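Visitor: Quick one: the structure is below, questions incoming.
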Amino acid sequence: MFAAIFGSVEQGIIYAIMALGVYLTFRVLDFPDLTVDGSFVTGAATAATMIVLGYHPAIATIVAVLAGFLAGCMTGVLHTKGKINPLLSGILMMIALYSINLRIMGLTADNSIGRPNIPLLNAETLFSKFYSWWGNLGIDETINNFLKSMGVQFVPSTWGTIFVVAIIAVLIKFIVDWFLKTEVGLAIRATGDNKKMIRSFSANTDNFVIIGLGISNALVAFSGALIAQYAKFADIGMGIGMIVIGLASVIIGEAIFGTKTIMRTTLAVIFGAIIYRIVLALALRVKILDTGDMKLITAIIVIVALILPQVLEKRREKLRKAKRHAERLSTDGGVLKQEANDLAKT
C-alpha cells in the first residue's frame, strides 16, 4: 500500500506540471486544446533523443520545452490566422505531432526513419545526476531507518525523486501565479473571459491566444520530458489520454480545494493531480481490475468529479433555502406574537 501511494505521489507531482498547462488553456484561456496528447510526447521524444545523442539532460529538457512551445503556438496560429475551429485545430496539430514525434525519435537511428520508442536505461538523466549528489547526504538512510522503526515494511530506494520534483512543481506554480498577474497574463485571462471586450480596447487577442497556447504546451512538454527521464523511456503512445488526465486533475482539485484565487487554484491543480494518481493506484489494487482498465477508471474518476460537485452544490443550496425559510418563519412568528401582545394590552 505504501509503495503504491509513494509511487503515485512521485508521478502525480510530475503530471501536475502538465495539469497546470491544461488549466491555462481550459480554464484561463477557455480554449479546448487537444494538442496536449501530442505535445506531451514531443517533450518526451525530444528530451530522450537529445540525451541518447549525447547532449546534457538539462539542455535536452530545455529544448523539449521549446518544442512544446512551438507546437502550442502552431495550434494558436491554425485557430487565429487559419480561422479553424479551436477543437479541430488542436486535433489537427495532435495528428501532425504523431508523425513529427516518430521522426524526432528516428534521429537516433542510422537511417533516420521513424522510431516508436527510445530506452534510457543506461543513459544519464536529470534524475540520475541528482541522485549522485543526493546519495552522499545520507538523508535516505535517516528517513528509511525511522520508517522501519515505525513498522513500515516497504521503504523507497531514494527520497530524492519526490524532493526534486516537488521543488520543480512548486517553482513552476509560483512562476504561473506571477505570470498571470503580469500585464500579458492579465490580458490572456481577460481574453479567455471576454474576447470582444478586450478587442474594444484595441488589443490583439490573436497574439494572446497564441502565447497562451504556447506556454500551456511548453508546460505539457516539460512534464513529458521529466516523465521520460523518470520512467527511463519515451514511447509514441505515452500521450494517449493525457488531456483527460489533465482535466481530471483540474476538476478534482477545483472541486476539493476551491477556486477563490489564482494561487489557490494552481495549488488545487497540483493536489488534484496527486489525488488522481493515488485514486488510480488504489483502484488498480482491486483484484477484478488490471492495468488494461486504466482508461475506464480514468473516465469514471472524471465523471464522478464532474457530477459530485453539482450534487453537493444542489444539496448546499437546498439547505440554504431551508435555513432562509426557517428564519422567515421565525421572524413572521415573532411579529405575530408581538402583535398579539399589543392587542392583549389594549
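The values are calculated or read from the model by the stated rules, or taken from the named source; none is laboratory data. Keep in mind that this is a model prediction, so the values were computed, not measured. All Cβ positions, even for glycine, are placed from backbone atoms using ideal geometry, and neighbour counts span all protein chains on display. For accessibility, only protein heavy atoms count, side chains too; no ligands or nucleic acids. Shrake-Rupley method; radii C 1.70, N 1.55, O 1.52, S 1.80 Å.
Visitor: Between region 104-129 and region 164-230, how far is it from one alpha carbon centroid to the other, in angstrom?
Guide: Cα centroid to Cα centroid, the span is 29 Å.
Visitor: Can you give the FRET efficiency for PHE154 and ALA109, using 1/(1 + (r/R0)^6), R0 = 45 Å, r = Cβ-Cβ distance, to the nearest 0.05? Present the calculation step by step, with values, prior to reporting the outcome.
Guide: Working: r = 39 Å, r/R0 = 0.87.
Once rounded, the FRET efficiency stands at 0.70.
Visitor: Any idea of the accessible area per residue across region 15-90, 1.4 Å probe, to the nearest Å²?
Guide: Details: 2540 Å² over 76 residues.
It amounts to 33 Å² per residue over region 15-90.
Visitor: Please give the contour-minus-distance gain from GLU327 to SER132: 0.36 nm per residue of separation, less the Cα-Cα distance, rounded to one decimal in nm.
Guide: Numbers: separation 195, 0.36 × 195 = 70.20 nm, distance 6.61 nm.
Here the answer is 63.6 nm.
Visitor: What is the sum of charges, Lys and Arg at +1 and Asp and Glu at -1, for the other residues whose Cβ falls under 12 Å from the Cβ of ILE13? Before the final figure, lay out each step's value.
Guide: On the way: positive: LYS173, ARG277; negative: GLU10.
With Lys, Arg at +1 and Asp, Glu at -1, the net is +1.
Visitor: Moving on to the next point. Enumerate the lysines that LYS295 could reach by cross-link, defined here as Cα to Cα under 24 Å, with residues fewer than 8 away along the same chain left out.
Guide: Those lysines meeting the cut-off are LYS232, LYS287.
Visitor: By what distance, in whole Å, do the Cα atoms of region 24-136 stretch along each of the three principal axes, largest value first?
Guide: In descending order, the Cα extents are 52, 37, 17 Å.
Visitor: What is the spin-label model distance, in nm, from ILE5 to ALA283 if the labels are put 7 Å beyond Cα along the C-beta direction?
Guide: 1.9 nm
Visitor: Further, regarding this structure: Once you put a point 7 Å from the Cα of GLU124 and another 7 Å from the Cα of THR259, both along the Cβ direction, what distance in nm separates them?
Guide: 4.4 nm
Visitor: Continuing with the same structure: With a 1.4 Å probe and all protein chains left in place, how much of the accessible area of region 1-63 comes from carbon and sulfur atoms, in whole percent? It would help to have the intermediate numbers written out before the result.
Guide: Working: 1170 of 1760 Å².
Exposed carbon and sulfur together represent 66 percent of the surface.
Visitor: Under 27 Å between alpha carbons, and skipping anything fewer than 8 positions from LYS318 in its own chain: which lysines qualify?
Guide: LYS260
Visitor: State the percentage of accessible surface on region 146-234 attributable to carbon and sulfur atoms; use a 1.4 Å probe and exclude ligands, DNA and RNA.
Guide: Values: 2930 of 4360 Å².
Answer for region 146-234 is 67 percent, counting heavy atoms of protein chains only.
Visitor: Now a separate question. Quick check on the chain: take the gyration tensor over C-alpha atoms, sort the square-rooted eigenvalues as a ≥ b ≥ c, and tell me if it's rounded (a/c under 1.5), prolate or oblate. Numbers along the way, then the final one.
Guide: Details: a/c = 2.40, a/b = 1.49, b/c = 1.61.
Note, shape of the chain comes out oblate.
Visitor: Same structure, new question: If you rank ARG199, ARG264 by how much accessible surface each has, with a 1.4 Å probe, what is the order from largest down?
Guide: Numbers: ARG199 125, ARG264 105 Å².
Per-residue accessible area, sorted high to low, gives ARG199, ARG264.
Visitor: Probe of 1.4 angstrom, ligands and nucleic acids ignored: what's the accessible area per residue over region 230-292, in square angstrom?
Guide: Details: 2950 Å² over 63 residues.
Per residue, region 230-292 has an accessible area of 47 Å².
Visitor: So, in nm, how far is label ILE143 from label LYS181 when the simple model puts each one 7 Å beyond its Cα toward the Cβ?
Guide: 3.0 nm
Visitor: Before anything else, pin down the relative contact order of the chain: Cα pairs under 8 Å, at least 6 apart, normalised by residue count, whole percent.
Guide: In percent, rounded to a whole number, it is 32.
Visitor: So which trypsin sites (Lys or Arg not before Pro) in region 75-172 end up in coil per DSSP with only 14 or fewer other C-beta atoms within 10 Å? If you can, show how the numbers build up before the last one.
Guide: Numbers: sites: LYS81, LYS83, ARG103, LYS129, LYS148; in loops: LYS81, LYS83.
Passing both the DSSP loop test and the Cβ count: LYS81, LYS83.
Visitor: Relative to the longest principal axis of the chain, what angle (0 to 90°, nearest 10) does the C-alpha long axis of helix 242-257 take?
Guide: Computed tilt is about 30 degrees.
Visitor: Then there is this: Using a Förster distance of 35 Å, how high is the FRET efficiency between ILE300 and ASP206, based on the Cβ-Cβ distance and rounded to 0.05? Write down the numbers at each step before the final one.
Guide: Numbers: r = 38 Å, r/R0 = 1.10.
The calculated FRET efficiency here is 0.35.
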